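Visitor: Sharing a structure below in structure tokens format, with a few things to ask.
The values are calculated or read from the model by the stated rules, or taken from the named source; none is laboratory data. Values in this document were obtained by computation on a predicted structure and should not be read as measured data. Glycine gets a Cβ as well: all are built from the backbone with ideal geometry, and neighbour counts include every protein chain shown. The area values use the complete protein model at the heavy-atom level, side chains included, leaving out ligands, DNA and RNA. Shrake-Rupley method; radii C 1.70, N 1.55, O 1.52, S 1.80 Å.
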Amino acid sequence: VISALWRVELQCYYYVCIDCGISMNSRSIAVIAVAARIVFIFFFFFQAEDGIRDAQESRGLGDVYKRQVSTQSTGVWQSCIMLSAHLEAWGAKDPLRTKFTKEEKAQWTKEERGMYKAAYDLHGIEKATYSMRKMFAKRKALLEGKDPDQEKKAKKQKREAAAAEEAAKVTVINDSLPITDRKAGTLLVSGTLDWEDVTSNKAAGNNVWSFHRLMSSVPVHLVVTAPSSCHTVIVSTEGVAYCWGRNKHGQLGVGDTATRQYPEQVASIKHPVIAAATGRKHTLFATEGGDVFGTGSNAENQLGLAGSVKLQELDQQNRGVTSPHQLPKWGPPVTRLACGAEFSAAVNEAGQLALWGKPEFGQLGNGSNGEYLDKGNKISWNYIEQPEIRALSTSNGCNQVADVACGHNHTLALMVDGSVLSWGFGGYGRLGHRDASDHYSPKQIQELGPAHWSKKQGCCVKRIMAGASCSFGITENGSTYFWGTNKASAEATMFPKLVNDLTGWNVTSLASGSSSTIASADSSIISWGPAPTFGELGYGDPEVNPKSSTKPKLVEYMDGLPVHMVAVGYGHAALIAESTDKLNQLPVLTEAFKSIVKDLSLIHI
């Protein structure tokens, strides 16, 4: 066989010489073949010796090499030698991986030999050795009366104790105390003046396409409206509340159901107002003493007046009131309010959250949508008639709520540690849980919160906002996150993502309406929203400027004017701007729309 192989090799060299044009006899070819074999053997042993030397130098470090082997010396043979050396070093450190000797194997029973052979055939010698050594160690520990898993359990308990200790360190960055540092300024408005018809196709087109001054003589430090609201509330620096807009259900709280084009004082509230919220057909006020008052429709118990108002005092059509009535007390003084379309929420000084009203999509967070079949197979809901406290808790045990925000049918809760929980209607990903399912109970958003829990490390939220079908969060470091959608035909964002167009801007206030969003940042106004719009974006004359924008767009004529607070409702917007010379250059609503105001200032329903 060797002779035959030698002849084949010489024949190969012969044909190589012919191809190269070299004329050689058989003896010369044989000499070349022997020389080539000697060179190959020398190179083989040189590489092996170099690999063994490297393995010996790095053996004491286990899997970590002492030095990086040069590229030229990383051959297949060297790699095998190194791997073998490292496996030997690794096995020497772990008794469970030490190979069995012949003497040890001789003491095995027939069953043990069968187990070793089966493990060897399936997984190889290393895993077979480890498994058998581990089994023998457990057997020995049991014979000695010891717990074989004691060390493992001790390590697990140590890890759990460290995790509990870390979770107990709740870093508080928010609170639910009354807000006393709001900056005052002048009221600016834009958007529709057709309050009764803006939600239908009957609107006359009386729209304010740029921001106008309104009621400049009264310094304002709070402005409130909501995605489902066609009315607005402002509060002066003295705590006096004013309302205007649609009033079909008495939601303005002025004692009747007549629409107001100008802010009118809510005279029946005698104490300073510190917070307010608006829904589709109702309004809530919180006073300095912590009392809550509600006005408007109570058809879905969104006012929470059960037990505090006599039946004869309620309007028979909408079971509501046209002037504010006090809600029953449910805990410490209330400091935060929010309203969805037909439900309400409040937070008190102790960080407790209460909800009431319509539970259709689980927005009340009580584990149910309250749905049942009424007479004639008609679907009805078990309304929550009074404020009902909802216990919330984050992954690290934080159970204090700092703020609450409501969309049409979903709720957001901001915790004092910067975490955010959401529940209710989940369409278009507005809850931020990577799905479109409704959630009947509060669930923490994974992307937001303290660094040791959230997926996006350190995204502690300072403020939350809710639009009709979307949500926003502004983090401690000034980043703005968005999830959901502001346009039904657009692609939905199923979990919080950075608003790239606002990166680098110091966003001080942001609000989202039915589809439009306005942000105040660095003495500028940025707004966006799909068509149709009614002027709420404030871009100016629609003949020369766009009416809508799908991407954030700077409102150029407002650049350089500090805006302290923004609010966006259905087809309208209101801002609080700092009183400067630039502000005085803006038009006044009473002068620019005299004829419209004269025609629409008071409409009796």
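Visitor: Order the peptides 464-470, 292-298 from the highest to the lowest mean number of other Cβ atoms within 10 Å of their residues.
Guide: Per-residue Cβ counts within 10 Å, averaged per peptide and sorted highest first, yield 292-298, 464-470.
Visitor: Return the Rg/Rh value of the stretch 147-224, two decimal places, where both radii are evaluated on C-alpha atoms and Rh is the Kirkwood radius.
Guide: Numbers: Rg = 28.9 Å, Rh = 19.1 Å.
For the stretch 147-224, the value is 1.51.
Visitor: Now a separate question. Can you give the three extents of the C-alpha atoms in the stretch 471-548 along their principal axes, from longest to shortest, in whole Å?
Guide: Sorted from largest, the Cα extents of the stretch 471-548 read 40, 32, 17 Å.
Visitor: Then there is this: Accessible area per residue for the stretch 389-492 in Å², computed with a 1.4 Å probe and the full protein assembly in place, what is it?
Guide: 33 Å²
Visitor: Place a label point 7 angstrom from the Cα of residue 101 along the Cα-to-Cβ direction, then list the residues of the stretch 107-136 whose backbone nitrogen is under 16 Å away.
Guide: 107-108
Visitor: Using R₀ = 22 Å, calculate the FRET efficiency as 1/(1 + (r/R₀)^6) where r is the Cβ-Cβ separation of residue 158 and residue 399; round to 0.05.
Guide: Numbers: r = 27 Å, r/R0 = 1.21.
In this case the efficiency is close to 0.25.
Visitor: Using the per-residue mean of other Cβ atoms lying within 10 Å as a proxy for protection, in what order, highest first, do the peptides 476-485, 129-138, 555-564, 241-250 fall?
Guide: My ranking of the peptides, most packed first, is 241-250, 476-485, 555-564, 129-138.
Visitor: Show me the three semi-axes of the equivalent ellipsoid for the stretch 339-386, from the C-alpha gyration tensor (sqrt of 5 times each eigenvalue), largest first, rounded to whole Å.
Guide: Equivalent ellipsoid of the stretch 339-386: 25, 9, 8 Å, largest first.
Visitor: Provide the net charge surrounding residue 557, with neighbours chosen by a C-beta distance below 12 Å and charges set as Lys +1, Arg +1, Asp -1, Glu -1.
Guide: -2
Visitor: Now for a different question. So, how do all the Cα-to-Cα distances of the stretch 488-605 break down into 5 Å bins, in percent, from 0 on up?
Guide: 2, 10, 18, 22, 20, 14, 7, 4, 3, 0
Visitor: Also, quick follow-up: Please tell me which of these pairs span more than 23 angstrom C-alpha to C-alpha: 110/140; 105/156; 102/127; 358/462?
Guide: From the list (110/140; 105/156; 102/127; 358/462), the Cα-Cα distance tops 23 Å for 105/156; 358/462.
Visitor: For 415, 215, give the ranking by accessible area with the largest first, probe 1.4 Å.
Guide: Descending order: 215, 415.
Visitor: Roughly how many nanometres apart are two label points built 7 Å out from the Cα toward the Cβ at residue 488 and residue 165?
Guide: In this crude label model, residue 488 to residue 165 measures out at 5.5 nm.
Visitor: Further question on the same structure: Run the dipole for the stretch 337-385 about the Cα centre, Lys and Arg Cβ at +1, Asp and Glu Cβ at -1, nothing else charged, and hand back the magnitude in debye, nearest 20.
Guide: Here the size comes out at about 140 debye.
Visitor: Could you tally the net charge around residue 421, taking each other residue with its Cβ under 14 Å from the Cβ of residue 421, Lys/Arg +1 and Asp/Glu -1?
Guide: Net charge around residue 421: 0.
Visitor: Here is a follow-up. Compute the orientation-averaged projected area for the stretch 404-499 from the convex hull of its Cα atoms and round it to one decimal in nm².
Guide: Numbers: hull surface 21.0 nm².
Mean shadow area of the hull around the Cα atoms is 5.2 nm².
Visitor: Treat each spin label as a single point 7 Å out from the Cα along the C-beta direction, and report the residue 120 to residue 441 distance in nm.
Guide: Going by the 7 Å Cα→Cβ label model, 5.4 nm.
Visitor: I would also like to ask the following. Stretched out fully, how many nm does the piece from residue 109 to residue 503 gain, at 0.36 nm a residue minus the Cα gap?
Guide: 134.8 nm
Visitor: Also, I was wondering about something else. Take each of the peptides 349-361, 108-120, 275-287, average the number of other beta-carbon atoms within 10 Å over its residues, and list them starting from the highest. Present the calculation step by step, with values, prior to reporting the outcome.
Guide: Working: 349-361: 22.9, 108-120: 12.9, 275-287: 27.1.
Peptide ranking by packing, descending: 275-287, 349-361, 108-120.
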